[in-house]
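Engineer: Questions regarding the structure given below will be posed in turn.
The values are calculated or read from the model by the stated rules, or taken from the named source; none is laboratory data. Since we're looking at a predicted model, the values are computed, not measured. We place every Cβ from the backbone using ideal geometry, glycine too, and count neighbours over all the protein chains shown. To get the accessible areas, we keep the full protein, side chains included, count just its heavy atoms, and leave off ligands, DNA and RNA. Shrake-Rupley method; radii C 1.70, N 1.55, O 1.52, S 1.80 Å.
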Amino acid sequence: MPDHKVRIHDMPEEERPRERLLKHGPGSLSNAELLSIILRTGSKDENVLHMCSRILSEYNLKQLSQANISQLTKIRGVGPAKATQIAAVFELARKLEIFIDDPKRKIRSAGDVYSLLYSKHREVKKEVLTALYLDTKNQILREEVVSIGSLNANIVHPREVFKSALMESSASVILTHNHPSGDPAPSREDIAVTEKLVEGGKILGINVLDHVIIGDGRYVSLKEEGFIS
């Protein structure tokens, strides 16, 4: 790589990311080169290509995609403007993924649930309980917000969760909610609500496959934790 202080404009044309993309297509560029096109400028101490290479040596793409603005601005060389550029491009990628697969997106794991809903829950200040109603192939038939506010077994009633499941002739349902604190560790109420809904589903013949709690850049699956058999 050229000297880290050499401006992109002063690099040979065949080494400039934008010119290489125009000539050879985006698939020919490294992740650092693609990111440098998005950020456009570096700092007085390093050019944008060196900055992006350094960033991606410290954080992988998944970590960058899950970071919020506050976390991004703690990266050396990334101020509010660059943080918003990074956040915006990953948000577009998430929206594109949902758009391509919708309405028959297949859920294979708790990670799929997290990828689908993290961007929606990331900045929400209240707990939001969402249900994903699935067919026999685990494809999403419907996504619905069931409850807003702290989960409580006395407030979240099975009929509110399974009403749409019956309307859609769902084979199963996956529950998910966020923890605004950022810590996805399940509370006693989370576990109690889950147990109540699992039992309600058994009566109706609708399996509750999982309850995924979404935190700040991470999640907990109550299925994987052993609370759903």
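Engineer: Write down the accessible area per residue of the chain in Å², having rolled a 1.4 Å probe over the full set of protein chains.
Structural biologist: Working: 12680 Å² over 229 residues.
It amounts to 55 Å² per residue over the chain.
Engineer: Tell me, what ³J(HN,Hα) does each residue in the range 184-194 have, in order and in whole Hz, if you take phi through Karplus 6.51 cos²θ - 1.76 cosθ + 1.60 with θ = phi - 60° and put x for Gly and Pro?
Structural biologist: Once rounded to whole Hz, the list reads x, 4, x, 8, 4, 5, 4, 5, 5, 4, 4.
Engineer: OK, next. Which entries of Lys95/Lys202; Lys23/Lys95; Lys23/Lys120; Lys106/Lys202 have Cα-Cα distances beyond 26 Å here? Spell out each step's value before the answer.
Structural biologist: Details: Lys95/Lys202 34 Å; Lys23/Lys95 28 Å; Lys23/Lys120 37 Å; Lys106/Lys202 23 Å.
Long pairs (Cα-Cα over 26 Å): Lys95/Lys202; Lys23/Lys95; Lys23/Lys120.
Engineer: Compare the Cα positions of Val128, Leu34, Ile107 along the charge dipole of the range 1-135 (+1 at Cβ of Lys, Arg; -1 at Cβ of Asp, Glu; about the Cα centre) and return the one farthest towards the positive end.
Structural biologist: Looking along the dipole axis, the top candidate is Val128.
Engineer: Full-extension gain between Met167 and Leu22, please, as 0.36 nm times their residue separation minus the C-alpha to C-alpha distance.
Structural biologist: Working: separation 145, 0.36 × 145 = 52.20 nm, distance 5.04 nm.
Full extension from Met167 to Leu22 adds 47.2 nm.
Engineer: Give the carbon-plus-sulfur fraction of the accessible surface of the chain in %, rounded to a whole number; probe 1.4 Å, heavy atoms of protein chains only.
Structural biologist: Details: 6600 of 12680 Å².
Accessible surface attributable to carbon and sulfur in the chain totals 52 percent.
Engineer: On a 0 to 90 degree scale, rounded to 10, what angle separates helix 158-167 from the longest Cα axis of the chain?
Structural biologist: 80 degrees
Engineer: Could you work out the Kirkwood radius for the range 108-229, taking every pair of different alpha carbons, averaging 1/r and inverting it, reported in Å? It would help to have the intermediate numbers written out before the result.
Structural biologist: Numbers: mean 1/r = 0.0713 Å⁻¹.
Taking the inverse mean of 1/r over all distinct Cα pairs, the range 108-229 comes out at 14.0 Å.
Engineer: Could you tell me how many degrees, from 0 to 90 and to the nearest 10, lie between the Cα long axis of helix 110-121 and the main elongation axis, the longest principal axis, of the Cα atoms of the chain?
Structural biologist: Taking Cα atoms only, the helix is inclined about 80 degrees.
Engineer: Using only the Cα atoms of the chain, what do you get for the radius of gyration and for Dmax, in Å?
Structural biologist: According to the Cα coordinates of the chain, Rg and Dmax are 21.8, 70 Å.
Engineer: Would you tally the net charge around Phe227, using a Cβ to Cβ cut-off of less than 13 Å, leaving Phe227 out, and scoring K and R as +1, D and E as -1?
Structural biologist: After counting each charged neighbour, the total is -4.
Engineer: If I take all pairs of Cα atoms in the range 1-91, what percentage of them are more than 21 Å from each other?
Structural biologist: Numbers: 1108 of 4095 pairs.
Result: 27 percent of Cα pairs exceed 21 Å.
Engineer: Sort 223-229, 171-177 by the packing proxy (mean of other Cβ within 10 Å over each peptide's residues), most packed first.
Structural biologist: 171-177, 223-229
Engineer: Taking the Cα centre of the chain as origin, work out the dipole magnitude from +1 charges on Lys and Arg Cβ and -1 charges on Asp and Glu Cβ, in debye rounded to 20.
Structural biologist: Using only the charged Cβ atoms, the result is roughly 300 debye.
Engineer: Taking K and R as +1 and D and E as -1, what net charge do the other residues with C-beta under 11 Å from the C-beta of Asp183 add up to?
Structural biologist: 0
Engineer: Sum up the charges of everything whose Cβ sits under 12 Å from the Cβ of Glu58, counting Lys and Arg as +1 and Asp and Glu as -1, but leave Glu58 out.
Structural biologist: +3
Engineer: Any chance you could check the Cα centroid distance between the range 30-84 and the range 157-215 for me, in angstrom?
Structural biologist: The range 30-84 and the range 157-215 have Cα centres spaced 38 Å from each other.
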